[in-house]
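The values are calculated or read from the model by the stated rules, or taken from the named source; none is laboratory data. Every value quoted in this text rests on a predicted model; they were computed, and no experiment measured them. Using ideal geometry, Cβ is built from the backbone for each residue, glycine included, and neighbour counts are taken over all protein chains shown. Only protein heavy atoms, including side chains, enter the accessible area calculation; ligands, DNA and RNA are left aside. Shrake-Rupley method; radii C 1.70, N 1.55, O 1.52, S 1.80 Å.
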Amino acid sequence: MSEQNFDEQTRLGSIISGSLTRGVEVKLDASISVEDMAVGRYVAIEGERRRFFGMITDVSLEAIDPRAMVTPPDVSDPFIAQVVSGTTIYGKLRVLPMLTIGGDAMSILEGPQPAKTVPTHFSEVKLASQRDVELVFGAEDDKRFYIGTPLDMETKVCLDISEFVTRSNGVFGKSGTGKTFLTRLLLVGMLQKQAAVSLVFDMHSEYGWEGRSEKGYKVKGLKQLFPSKVAVFALDEESSRWRKVSTDFVVKIGYDEIEPEDIDLLQQTLNLTEASTQAVYQLAREFGDRRWLEVVLNLTEDESKQLIPKLNIHDSTYRNLRRGLENLRRFPFLVPHAPDNPVKRILEYLDRGINVILEFGRFDDFAAYILVANLLSRRIYAQYREKAEKAMGGDVAPSHPLVISIEEAHRFLNPELANRTIFGRIAREMRKYNVTLLVIDQRPSGIDDEVMSQLGTKITCLLDDERDIDSVLTGVAGKSELKSVLSKLETKQQALIFGHSVPMPVVIKTREYGSAESYKELGFLEAAELKRKTEKEIEDLWAP
Amino acid sequence: MGTEQRVAEVIEASSAEFVAQCYKLDQAPPLGSLVKTKDELRKIYGVVYNVETHSLEPGRRVVARGEGMETEDEIFRANPQLAKLLCTDFQALVVGHRQGDGLHHYLPPKPASIHSFVYTCQLEEVKAFTQSLDFLGLLVDARLPIPVDEVIAACLRCAGQAYPDSESFLIKAGKEMARLLSSDARRLNSVLKRLR
Ligand SMILES: Nc1ncnc2c1ncn2[C@@H]1O[C@H](COP(=O)(O)OP(=O)(O)OP(=O)(O)O)[C@@H](O)[C@H]1O
Ligand SMILES: [Mg+2]
């Protein structure tokens, strides 16, 4: 039985048993080789009254009479091999029914509904057709963004971006599986469908101007593709210059902007003790919220000696704190007084519907990332909140929804910090104030459970750590079945999407990003083309 | 077995089988082949499962006569009475019947009539009868004085000749056997090996 080309009419087999919670079992027809099946694939089941859609979650080998396998048939004889396949021995699929579509006009209008029962015995099972997939996920339109294709199919799986941005979402997967590439696509989707404006804390400087693929070639960042819709903010001016990034704004943060809460979050990264973190609040009371850091960093040895007894703290506590804070000096973007206000600038761009990507350049360590992302987000969030409250009063128009993307999310959202960072708060509040998160992480088990449960849509590439898989799938129907699907994803460019903005879980091959063709499909015009287009428009203007 | 030929006459009949005597000595239809009897109401189909040639008179044994002769034919030329004293019978297992337009793969309400003529079946008819393989169930469960799996295999090989693509017919039939013998791998293997 050679590899087959399946079309949508290919019958795979029929239902022989099962349940709604565990999924149904499909006996494969003899003509279908188990080797051509794959977990994660979609199938359609013709029930008596309705059509079911489901996903293959397991493939197994069965024998009618297991005792007979003690003296296996002589399958070296091709005739005997053909006879026994599908009869004495057969392949079996486990399929999780997820959606149904009724046959009558009413149910066709209502569209696919969650499956509440299973198809009857011996219902025919086929591969899902292109039309089925389109029916379930909708065609590309002004809300839906093409994110990838189902396994072994050409059809587009589309994500309803306007639904997507109404909740916080997560992109997961172990290192090198395609999180960054996927996130780029999601950012493009949000930008194109104008569903939200993005603020990206771009730790490794790969979203704004230019990224790299593992194979070594460069891939365009968002700014190159959509120059008028994206602003690149730089934390590391020098690195931006070397990389020839066209930067819109250089971020400098004044010491006077750093509040005790910011240091609180850095406790681990700066190696601070609990006591010295507490001492920060004392220092702030002593010297004022805006001045304390500058003052402390400039204290002489003598001044320190006088201060310690006054604050009633331990000498070692003070030393530990001082050492930790000295670390901040190595960041050139921290200055005693900032010449401009980055929060205000970011907000200006966001208000105009322009996406802001803050590149960290060489400061891609956690101290800088946690400090800056938190500090800026807290203030931006406060502004959104104020505006949302005013909007509720009817004074101003509500602001455009904002999605804040953070990488290495477990650093902010672990159980210890989730209650204290602004990000934990945004995740829990849903979109009360028009702000949601896109968290990107390779260690989802490190993220607080409550935060994970608040994520609307999860897109996960391959994970192989049991705890990570568990944490991503917590609370999902058909968890154990999806688990086997998730752990069998390809190591790259495949993802399982489930949750709020998709009608049923789906495994996709992520849309290609990085080829000239892919840029074009995303709407990018080469410079020459852009020029031609503008000239043509001008010409048209003058045409008689 | 290509064309329909009248070859024998029923001399013993029961619901599940019949015995027919051939008109010509040694000219029985092959083991496993499909034969039929007809009357006004129905045709009854049988599968030949045993062929015997013996003396017509129960008490008289056949003796060897060819010692001084060149060929076997000479024996008959020299003893013309022999052809009258010997006969060839065959036994057939009833596997189905046709009544009006309906073809049924189960036993008819009445056995074949005594003295009804027995015909071989044309390829077309074999093909029509073997469209459904339900009759294999009757064969599998039959208790015969000779190894039944030999008969089944012979029957399927014969039927295969009615199909231009005999290979796929045999695979289909093999699969039916696999279902019927699902709990007896040894028996299945032996039938399958005999299908080639
Ligand atoms: N959609 C895609 N189009 C083209 N190539 C892709 C795609 N997704 C993944 N790849 C390939 O997989 C490689 C790894 O992807 P990516 O850099 O996004 O992984 P990651 O999960 O972000 O890894 P890390 O955890 O190390 O940041 C890319 O360099 C690229 O070669
Ligand atoms: Mg990455």
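What the table shows:
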{"item": "Single residue of segment A:463-496 satisfying the filter (in contact with a strand residue (DSSP E or B) (Cβ under 7 Å, 6 or more places away or on another chain) and not in a helix (DSSP H, G or I)) that is farthest from A:ALA409 (Cα to Cα)", "result": "A:GLY478"}
{"item": "Test for A:LEU413: is it away from ligand 1 (no atom under 16 Å from the Cβ), closer than 28 Å to A:ILE508 by Cα and touching an Asp or Glu at 6+ places or on another chain (Cβ under 7 Å)", "result": "yes"}
{"item": "Residue within segment A:344-357 that is within 16 Å of ligand 2 (Cβ to nearest atom) and buried (at least 23 other Cβ atoms within 10 Å of the Cβ) present", "result": "yes"}
{"item": "Residues satisfying the stated conditions in segment A:63-98, i.e. of a type outside the set (Gly, Ala, Ser) and away from chain B (no Cβ under 12 Å)", "result": "A:LYS92, A:LEU93, A:ARG94, A:VAL95, A:LEU96, A:PRO97, A:MET98"}
{"item": "Unique match (being more than 14 Å from chain B (Cβ to nearest Cβ), away from ligand 2 (no atom under 13 Å from the Cβ) and under 19 Å from A:ILE497 (Cβ atoms)) among A:GLY178, A:GLY189", "result": "A:GLY189"}
{"item": "Verdict on A:THR277 being of a type in the set (Ser, Thr, Tyr) and farther than 22 Å from A:LEU334 by Cα", "result": "no"}
{"item": "Subset of segment A:218-258 (residues that are assigned to a loop (DSSP other than H, G, I, E, B), away from ligand 2 (no atom under 16 Å from the Cβ) and more than 14 Å from A:ILE346 (Cβ to Cβ))", "result": "A:PHE226, A:PRO227, A:SER228, A:LYS229, A:ASP236, A:ARG243, A:LYS244, A:VAL245, A:SER246, A:ILE258"}
{"item": "Tabulated pairs, segment A:177-205, first under 20 Å from A:HIS400 (Cβ atoms), second more than 13 Å from ligand 2 (Cβ to nearest atom) and among the charged types (D, E, K, R), C-beta under 7 angstrom, 6+ apart or interchain", "result": "A:LEU191/A:LYS229; A:LYS193/A:ASP142; A:LYS193/A:LYS143"}
{"item": "Matching residues in segment B:71-128 - criterion: being part of a helix (DSSP H, G or I) and either open to solvent by 70 Å² or more (accessible area, probe 1.4 Å) or of a type in the set (Phe, Trp, Tyr) (or both)", "result": "B:GLU72, B:ASP73, B:PHE76, B:ARG77, B:LYS84, B:GLU124"}
{"item": "Residue identified as modelled with pLDDT under 95, on the phi < 0 side of the Ramachandran plot, within 13 Å of ligand 2 (Cβ to nearest atom) and in the same structural domain as A:TYR369 (by TED's automatic domain parsing) among A:GLU206, A:GLU210", "result": "A:GLU206"}
{"item": "A:GLU490 vs. criteria of a type in the set (Asp, Glu), open to solvent by 10 Å² or more (accessible area, probe 1.4 Å), over 22 Å from A:ARG144 (Cα atoms) and more than 16 Å from ligand 1 (Cβ to nearest atom)", "result": "no"}
{"item": "Every residue from segment A:26-49 that is under 35 Å from the mean Cα position of the chain (by Cα) and either within 21 Å of A:VAL506 (Cβ to Cβ) or buried (at least 19 other Cβ atoms within 10 Å of the Cβ) (or both)", "result": "A:VAL26, A:ASP36, A:MET37, A:ALA38, A:VAL39, A:GLY40, A:ARG41, A:TYR42, A:VAL43, A:ALA44, A:ILE45, A:GLU46"}
{"item": "Among residues of segment B:142-183, those that are outside any helix (DSSP H, G or I) and within 8 Å of chain A (Cβ to nearest Cβ), counted", "result": "2"}
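Okay, residues lined up against (1) surrounded by 24 or more Cβ atoms within 10 Å (Cβ to Cβ); (2) within 14 Å of another protein chain (Cβ to nearest Cβ); (3) more than 16 Å from ligand 2 (Cβ to nearest atom):
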| site | (1), (2), (3) |
| --- | --- |
| A:VAL396 | no, no, yes |
| A:GLU407 | yes, no, no |
| A:ASN419 | no, no, yes |
| A:ASP449 | no, no, yes |
| A:SER453 | no, no, yes |
| A:ASP465 | no, no, yes |
| A:GLN494 | no, no, no |
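Residues checked against (1) among the hydroxyl-bearing types (Ser, Thr, Tyr); (2) within 30 Å of B:GLU124 (Cα to Cα):
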| position | (1), (2) |
| --- | --- |
| B:SER15 | yes, yes |
| B:THR37 | yes, yes |
| B:GLU40 | no, yes |
| B:HIS54 | no, no |
| B:GLY59 | no, no |
